[in-house]
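The values are calculated or read from the model by the stated rules, or taken from the named source; none is laboratory data. The structure presented is a predicted model; accordingly, all values stated were derived computationally and were not measured. With ideal geometry, Cβ positions are generated from the backbone for all residues, glycine too; neighbour counts draw on all protein chains shown.
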Amino acid sequence: MSIFAHIFNLFIHSMAQVRVRFAPSPTGPLHIGGVRTALYNYLFAKKNNGTFILRIEDTDQARFVEGAEEYIMESLKWCGIIIDEGINEGGNYGPYRQIDRKEIYRKYADMLIDKGDAYYAFDTPEQLETLRSESEKAGNTFIYNAIVREKLSNSVSLQENLWKEKLEKGEPYVIRYKMPHNEDIHFEDIIRGHIVVNTRTLDDKILFKSDGMPTYHLANIVDDHLMEISHVIRGEEWLPSLPLHFMLYRSFGWDPPLFAHLPLLLKPDGKGKLSKRDGDKMGFPVFPLFWPYGETAKGYREEGYYPEAFVNMLALLGWNPGTEQEIFSMEELIEAFTIDRVGKSGSRFDPEKAKWFNHQYLQNRTNTQLALEFREFLRARGYHVDIVDLETLVGLVKERVSFVKDIWEQADFFFQAPETYDQEVIKKRWKENSAALLLELRFLLEKINDFSAAGTETVVKAWIGEKGYNTGAIMNVFRLVIVGASRGPHIFDIISWIGKQETLKRIDKGLSIIGK
RNA sequence: GGUCCAUUCGUCUAGUGGCUAGGACGUCAGGUUUUCAUCCUGUUAACAGGGGUUCGAUUCCCCUAUGGACUACCA
């Protein structure tokens, strides 16, 4: 443990209350990277007896997407992440939707203007766009900073009577932060450690838009302060704006919370961060739940992942307990989680490992649970099977599958006689005497009263031994007519489950088709 | 381009100023299974490169390379 992490630990234990927030924008389905951010916030909150808050950051009305808010909440619920304070849960620090806090932000923007740390700017987006493309042509980057603001249209460069007149005339304006020209800003990140940035590389960020809404930067700082957020745990994409955020806290005279910037989730192959396209291309979901609006997207829930497996997999992507334990319940994750064991570098998402986690969780289900789940699947297909029979069946095939829906692929022959027979197997196993042997077996089975797996197996093996037949020669063609291929569980388990009548029927059918 | 962040097996990762650099997924090979799958056992494979510091660096420092994020009146 680094010295900084140690000090940090001492610090959090001395703090009165841990309050963390997950603050997504309702602009579409929640990406699994977002889910992981929410999860780490939640684990950290619960580990420290703190509060987990959901705040909706919907200050950009143009990008608002209908249904996204519900999607976010349903996703968290599916994952087992319980919100303590939020738009539905309420709390003493509401409202929890930024659109409903609109009136709050203006006051704080004005405070900064009065203090001289912010100013009005009247440049139109078109003007700025022109300036940007011009400097780009000249090979420079346009930054709205201390040097250029003197030449542009704002309350710093303009005479006081001029800009006041513009204000009175109702000319559109934004409020920008007045970034100092040349100052080293020092700040700490729990995961990254000490960082220094010089303000000359920063720009005068817009805090308040001409539509009367704050930007992320203002709203975020004000809300985190007002909601008494103790730790900001968010994605690494926010690291570049951390200096600005520190400056804002300083300007307001507030104590900043502690920050932890999480590494990103990367695509399984190639370069860059995980996107929806990767999932489509490689056949795995990038979203927790199916997203039915607009461009539809697959979800882990609908693909048959257990939420416990999904959460377990996600938790270990970028964090580890330092032990060799890999399977964790939510309670165990909460118990084991510490921020100082979150890695610094981005993690490639591995769909194979995700499947492995689900396999582990599926094996730990009882046959009864699985039978119930599989029955739902069968119902959708028009099969109605007794639950006790399904428990037996599921017990026969569960270890070969990772998902409930895979049970069907492993067990279709339990429900229907083969339509076709694997040509490879016929070529390899079907001999001159196969038909005769099968016919003999057929009449042997017909006479058996105890059609349990053990019952039939005993009789058939005795018969084989008695006659001195070759076991493989019989069993392989037997499997062929029952299953249609060279796969599946123990053959006597299969015939016991389908019953004597069906077994005989399948032998007859096989004989008539292959045996001619 | 600029700023910031990162870099241990193919992937997720453990780890230390001196270790045969550990585990998991995957791969491959055996074994079990009369089939297929599972399972078991084993195998495979890594400290990005170059300089320092040091008796000794994968570990500490610097440079380079590579990757990533950001660079909007989006979050």
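Remarks
- Odd one out for A:Thr471 among (1) among the β-branched types (Val, Ile, Thr); (2) in contact (Cβ under 8 Å) with a residue 24 or more places away in the chain; (3) farther than 27 Å from A:His359 by Cβ: (2)
- Condition met for A:Ala260 (closer than 30 Å to A:Leu218 by Cβ, within 14 Å of RNA strand B (Cβ to nearest atom) and surrounded by 15 or more Cβ atoms within 10 Å (Cβ to Cβ)): yes
- Looking only at residues of the range A:139-156 that are of a type in the set (Val, Ile, Thr) and in contact with a helix residue (DSSP H, G or I) (Cβ under 7 Å, 6 or more places away or on another chain), we find that the one that is nearest to RNA strand B (Cβ to nearest atom) is A:Thr141.
- Any hit, the range A:175-186, residues being in contact with a strand residue (DSSP E or B) (Cβ under 9 Å, 6 or more places away or on another chain) and aromatic (Phe, Trp, Tyr): yes
- Residue in the range A:214-232 that is modelled with pLDDT of 95 or more, more than 20 Å from A:Asp117 (Cα to Cα) and aromatic (Phe, Trp, Tyr) present: no
- Search result, residues across the range A:334-368 that are of a type in the set (Asp, Glu) and near RNA strand B (Cβ under 8 Å from one of its atoms): A:Asp350, A:Glu352
- Residue check, A:Pro292 within 12 Å of RNA strand B (Cβ to nearest atom), closer than 17 Å to A:Ile32 by Cα and modelled with pLDDT of 90 or more: no
- For the range A:90-120, a tally of residues being more than 28 Å from A:Thr27 (Cα to Cα) and surrounded by 16 or more Cβ atoms within 10 Å (Cβ to Cβ) returns 6.
- Residues that are of a type outside the set (S, T, N, Q) and near RNA strand B (Cβ under 8 Å from one of its atoms), drawn from the range A:474-487: A:Ile474, A:Met475, A:Phe478, A:Arg479, A:Val483, A:Ala485, A:Arg487
- Hey, A:Leu248 surrounded by fewer than 16 Cβ atoms within 10 Å (Cβ to Cβ) and among the hydrophobic types (A, V, I, L, M, F, W, C) or not: no
- A:Thr59 vs. criteria more than 25 Å from A:Leu264 (Cβ to Cβ), among the β-branched types (Val, Ile, Thr) and crowded, with 20+ Cβ neighbours inside 10 Å: no
- Selection status of A:Arg250, within 13 Å of RNA strand B (Cβ to nearest atom) and not hydrophobic (A, V, I, L, M, F, W, C): no
- In the range A:330-352, the residues that are farther than 21 Å from A:His261 by Cα form Cβ pairs under 7 Å with partners that are assigned to a loop (DSSP other than H, G, I, E, B), at six or more places apart or across chains, as follows: A:Met330/A:Gly80; A:Asp350/A:Pro268; A:Pro351/A:Pro268; A:Pro351/A:Phe284.
- Highlighted here are the strands (runs of 3 or more DSSP E) found entirely within the range A:109-196 that include at least 2 residues which are of a type in the set (Gly, Ala, Ser): A:118-121.
- For the range A:252-269, the condition of being out of contact with any Phe, Trp or Tyr (no Cβ under 9 Å at 6 or more places or on another chain), within 23 Å of A:Leu54 (Cα to Cα) and not hydrophobic (A, V, I, L, M, F, W, C) holds for at least one residue.
- The range A:320-333 - residue that is near RNA strand B (Cβ under 7 Å from one of its atoms) and within 24 Å of A:Gly50 (Cβ to Cβ) and, of those, modelled with the highest pLDDT: A:Asn320
- Hey, A:Trp254 assigned to a loop (DSSP other than H, G, I, E, B) and out of contact with any Cys (no Cβ under 9 Å at 6 or more places or on another chain) or not: yes
- Hits in the range A:234-279 (condition: of a type in the set (Asp, Glu) and over 15 Å from the mean Cα position of the chain (by Cα)): A:Glu236, A:Glu237, A:Asp255, A:Asp269
- Residue match in the range A:375-389 (condition: of a type outside the set (Asp, Glu), within 11 Å of RNA strand B (Cβ to nearest atom) and either in a helix (DSSP H, G or I) or over 30 Å from A:Leu239 (Cβ atoms) (or both)): no
- Failed item, numbered, when A:Trp78 is tested on (1) buried (at least 23 other Cβ atoms within 10 Å of the Cβ); (2) in a helix (DSSP H, G or I); (3) among the aromatic types (Phe, Trp, Tyr): (1)
- Pairs meeting the criteria (first residue in the range A:128-139 and under 18 Å from A:Lys205 (Cβ atoms), second residue of a type in the set (Val, Ile, Thr) and in a helix (DSSP H, G or I), beta carbons under 9 Å, at least 6 apart or on different chains) are A:Leu131/A:Val148.
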